[in-house]
Every structure is written in structure tokens, then in C-alpha cells.
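The values are calculated or read from the model by the stated rules, or taken from the named source; none is laboratory data. Not measured: the values here are computed from a predicted model. Reconstructed Cβ throughout: ideal geometry from the backbone, glycine too, with neighbour counts over all protein chains shown. When the accessible area is computed, the model is the full protein with side chains, heavy atoms only, and any ligands, DNA or RNA have been set aside. Shrake-Rupley method; radii C 1.70, N 1.55, O 1.52, S 1.80 Å.
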Amino acid sequence: MKKKKGFIFDLDGVIVDTAKYHYLAWKKIADSLHIEFTHDHNELLKGVSRVRSLDIILDLGKIEASQEQKDQWLIQKNEDYLSYLVDMDETEILPGVMTVLNFLKAKGQGIALGSASKNARPILEKTGILSYFDVIVDGNDVSNAKPDPEVFLIAAQKLAVANSDSFVFEDSVAGVQAANIGTMTSIGIGDATVLYEAHHNFKDFTCISEAFLSELINK
Ligand code: B16
Ligand code: MG
């Protein structure tokens, strides 16, 4: 019998599209500081921690602030972000994700979450897919942000699979780099021209075939 493999999913932009809610919450802060913050700017925040995201926004406006003030903005942003998640349910799961999760589960593969978000668990609960995950590693468990591979290395270790037997689904450049640095196979979800460093690229999960997944399982 083949060894069990590890399939590690990023959350935002892979399982659910919460980038739009992060954007709304950050935009409120940016607007209050008269910083121009567009959807293109929001791309810079994908896969990036909350603390680092604020620094990027302040840099855009060339604004310096005390740690106390930053902490206030971070709390305000998260409260606002969470208010957008109140009505979240399974309809927010991105197309094709359930098919892939069900296939991997049926094949007895290891399934983990590897996300920078500190709100990962409530999101998995609200969307009803928490039980699919054997392991959850999120922003509360790591000290180094992607592209540091820490989040994925912990996930593989907890799944008890080798890094070389781990496959990472990611929508951010930093996340793809983290998987590559961790000597895992990176699977970019989104724009292949942006995620060109990934070993494999798919526009979304509806483009991932059972044949492709079986190939990974039997590698
Ligand atoms: P939170 P991922 C990341 O999640 C998001 O892409 C990023 O935009 C966000 O700033 C980060 O989580 C932190 O999220 O404020 O909820 O802790 O893509 O790594 O799943
Ligand atoms: Mg992401």
C-alpha cells in the first residue's frame, strides 16, 4: 500500500474568498487616514499577517504611528472584519473545493489547514468543514510569516508525513514560496502568471481532476 500523503490547504483565497472582507475592513482604516487603498493594493496583503498588513498600508500613506495607536487600528480592523463574517455559511466555499476535499477524504489522505489567519477556526466552523481537517495550523501557532515555511512544516509534522510527500494549495506568492522553501510541492490556485513559481497551476479547484490528485497520491 502507498504511504499516506499530506494535502495542506491555505484558507483565504483557496477555500473561501475572505480577501473581499479583509479589503473592506482595511479600507475603512485607510480612508480614515486619507490613504489611497485600491483592490490592487489589497493584492499586496494576500497571505500576509495582520500586523504586517497594517505596516504595508501605513507605508503606502507614509504614516508613522506609535505601537499603541497601531494596536488600536489592529483591533478595530479585526472587529470590523469579524462583523462581515457573521452571516458566513457553506455557500462561501469556493467552487470545486468540496469535491477535492471529499475525494482526498475518501482516499484516506492527510488533510491540513496552513493559514496565516488568526480567524481560521471560526471560518471553518461557519462553513461546516472543520471536521475534514486532521490538522489545523494557523496564525495563532506560528511566529514566522510566509514565505517562511513554518506554517506548512508544522502541518506536515503534525500529519506525520515527510515534506516531500506534502502538497500545498496556495493563492499567494508568499505562500507558494513558503511551500517551495519547505521542499514541498506547491499548487498555485489563481493566476498562473502571478503564481509562476508554483510546481502546478490551476485557475480554481474545478480545474483539478481526480486523475491529477491520484497521481499525487501514488507518487
Ligand atoms: P487575520 P491565508 C491570510 O490568510 C490572508 O490572506 C491575509 O490577507 C490576512 O491578512 C491574514 O490571513 C491574517 O488574517 O487578520 O484573520 O488573522 O491566505 O494565509 O489563509
Ligand atoms: Mg491565501
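Please identify the GluC sites (Glu not before Pro) of region 39-103 that satisfy two criteria: DSSP loop assignment and at most 16 other Cβ atoms within 10 Å. Which are they? It would help to have the intermediate numbers written out before the result.
Details: sites: Glu43, Glu64, Glu68, Glu79, Glu90, Glu92; in loops: Glu64.
Passing sites in region 39-103 are Glu64.
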Return the lysines within reach of Lys3: Cα separation strictly under 19 angstrom, same-chain partners fewer than 8 residues apart disregarded; answer none if there are no such residues.
Lys105, Lys107, Lys158, Lys219
Can you find, among Val194, Ala162, Gly61, the residue sitting farthest towards the positive end of the charge dipole of the chain, where Lys and Arg contribute +1 and Asp and Glu -1 at Cβ?
Ala162
Does a label point 7 Å from the Cα of Lys28, set along Cα-to-beta-carbon, have any residues of region 76-104 with amide nitrogen under 13 Å, and which are they?
76-86
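Can you give the helix-only mean residue ellipticity at 222 nm for the chain, where every DSSP H stretch with n ≥ 4 adds -39500 (n - 2.57) and the sum goes over all residues, rounded to the nearest 500 deg cm²/dmol? Provide the component values of the computation, followed by the final result.
Values: 9 runs with 93 residues, N = 219.
Using -39500 (n - 2.57) per qualifying helix, the result is -12500 deg cm²/dmol.
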For Lys2 and Gln72, calculate 0.36 nm times their separation in residues minus their Cα-Cα distance, and state this gained length in nm to one decimal.
20.1 nm
Low-density loop cleavage sites - chymotrypsin sites (Phe, Trp or Tyr not before Pro) in region 136-219, where at most 12 other Cβ are within 10 Å (DSSP)
Tyr196
Distance from region 147-183 to region 14-92 (C-alpha centre basis), Å
25 Å
Cα-based Lys proximity count in region 19-85, under 18 Å, for pairs eight or more positions apart or on separate chains
13
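Probe of 1.4 angstrom, ligands and nucleic acids ignored: what's the accessible area per residue over the chain, in square angstrom? Show your work: numbers first, answer last.
Working: 10540 Å² over 219 residues.
With all protein chains present, the chain gives 48 Å² per residue.
Using the Kirkwood radius over C-alpha pairs as Rh, can you work out the diffusion coefficient of the chain via Stokes-Einstein at 20 °C, viscosity 1.002 mPa s, in µm² per second? Display every interim value, and only then the final one.
Numbers: Rh = 17.8 Å.
The estimated diffusion coefficient comes to 121 µm²/s.
When the Kirkwood hydrodynamic radius is evaluated over all pairs of different C-alpha atoms of region 19-85, what value in angstrom, to one decimal, is obtained? Write out the running numbers ahead of the final one.
Numbers: mean 1/r = 0.0849 Å⁻¹.
When all Cα pairs of region 19-85 are included, the Kirkwood radius is 11.8 Å.
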For region 145-219, with all protein chains present and a 1.4 Å probe, just round the carbon and sulfur fraction of the accessible area to a whole percent.
56 percent
Aspartates and glutamates whose Cα lies under 12 Å from that of Lys118, excluding same-chain neighbours fewer than 8 positions away
Asp12, Asp138, Asp141
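Roughly how many percent of the accessible protein surface of region 19-85 is carbon and sulfur, given a 1.4 Å probe and a whole-percent answer?
On the way: 2000 of 3910 Å².
The value for region 19-85 is 51 percent carbon and sulfur by accessible area.
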Please list, short to long, the whole-number percent of alpha-carbon pairs of region 1-45 in consecutive 5 angstrom bins beginning at zero.
5, 18, 22, 16, 9, 8, 6, 5, 4, 3, 2, 1, 0
Anchor Lys4: aspartates and glutamates whose Cα lies under 18 Å away (excluding residues fewer than 8 positions away in-chain):
Asp134, Asp165, Glu210, Glu215
Could you tell me which trypsin sites (Lys or Arg not before Pro) in region 67-147 are loop residues by DSSP with no more than 16 other beta carbons within 10 angstrom of their beta carbon?
Lys107, Lys118
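Are there any helices in the chain, counted as whole DSSP H runs, that stretch 18 Å or more along their axis by Cα and score at least -1.0 on average by Kyte-Doolittle, and if so which? List each step's numbers first, then the result.
Working: long enough: 19-32 (20 Å, -0.64); 67-85 (27 Å, -1.46).
Result, helices passing both filters: 19-32.
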